[in-house]
Structures are given as C-alpha cells and as structure tokens.
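Student: First, the structure itself, so that you have it in front of you.
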Amino acid sequence: MVKLSSWRGESPEQIATDGELVVAFRDAGRDAAYGELVRRHQIKVFRLLLGLLAGADESEEATEDVFVKAAKDITELGEPSGFLPWIVGRARQRAERTSADLTAVAPSVPGQAVAADAHLRAAVQSALS
C-alpha cells in the first residue's frame, strides 16, 4: 500500500500512480489521496470544460461539481489506473448537460457556433497537451 507521503517524495519512483491514489482513497479511505488526484487533473478538466462551455464561471462550477460527484461515485471506476479517462468522460457528460440547459434558455446568435468551435478546439488541444 502506498503511504500518503509517498506521492510527495523526492524521487520519481516514490510518486504514486493515479491507480495507487484511487485505491488509497476508495479502499483505504485516505482523503488526501483524492486531493492529490484533484490537484493533478483539475487544470486539464477545467480547460476541457472551458472549451466545451465557453464560459469561465460555468467551467469553474462544473469542474468542482465533476470532482465532488466523482468522489462519491469512485466505486464505479472499474480499473483504478483509468482515472483520467473516467474523469474526462464525466466532465464531457457534465458539459453536455450544462450546454443543453444553456441552449434551452439562451437565444441562438448567428456566427456564435463558429466561434465556439474554434474556442473548443483550442481548449481541448491545450487540455490534452
């Protein structure tokens, strides 16, 4: 089992993998392990949501919501080492729900879709790099 201090170690060999952090949180109840997962991936998830939602306020709220709900649903994650694709999938689902809600309320503006597509491509490329 990974010690909580090991992912803050001096050498790369001592840094826990995402899978080890998932197990430490899910199976051993170590909240600090989940905090480390959030720290590692929150910027990527925020950038992805920023691209999908095209609004910093919505993206910040959505990012927090994704990680809070994921902590509650961590038992749904089959393979512990698959945390990043799992959290990204949850972020995309959250963005789809938010976009549907915003579209239902906001009127359509000509040319807005083209600008949003360019913004989305740039944000996704930034998040994945």
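Just so it is clear, none of the values below were taken in a lab; they were calculated from the coordinates. Small disclaimer: the values here were computed from a predicted structure and weren't measured. Reconstructed Cβ throughout: ideal geometry from the backbone, glycine too, with neighbour counts over all protein chains shown.
Student: Taking 2.2 N^0.38 Å as the expected size of a compact globular protein, what ratio does the Cα radius of gyration of the stretch 18-90 give against it, to two decimals?
Tutor: Values: Rg = 12.1 Å, N = 73, 2.2 N^0.38 = 11.2 Å.
My calculation over the Cα atoms of the stretch 18-90 gives 1.07.
Student: Can you list residues from other chains, or at least 5 along the same chain, whose modelled amide H is less than 5 Å from the amide H of residue 16?
Tutor: 7
Student: Something else about it: Tell me the net charge near residue 23. Cut-off is 12 Å between Cβ atoms, residue 23 excluded, with +1 for each Lys or Arg and -1 for each Asp or Glu. Don't skip to the end; give the middle numbers.
Tutor: Numbers: positive: 26, 30; negative: 18, 20, 27, 79.
Charge balance in the 12 Å sphere: -2.
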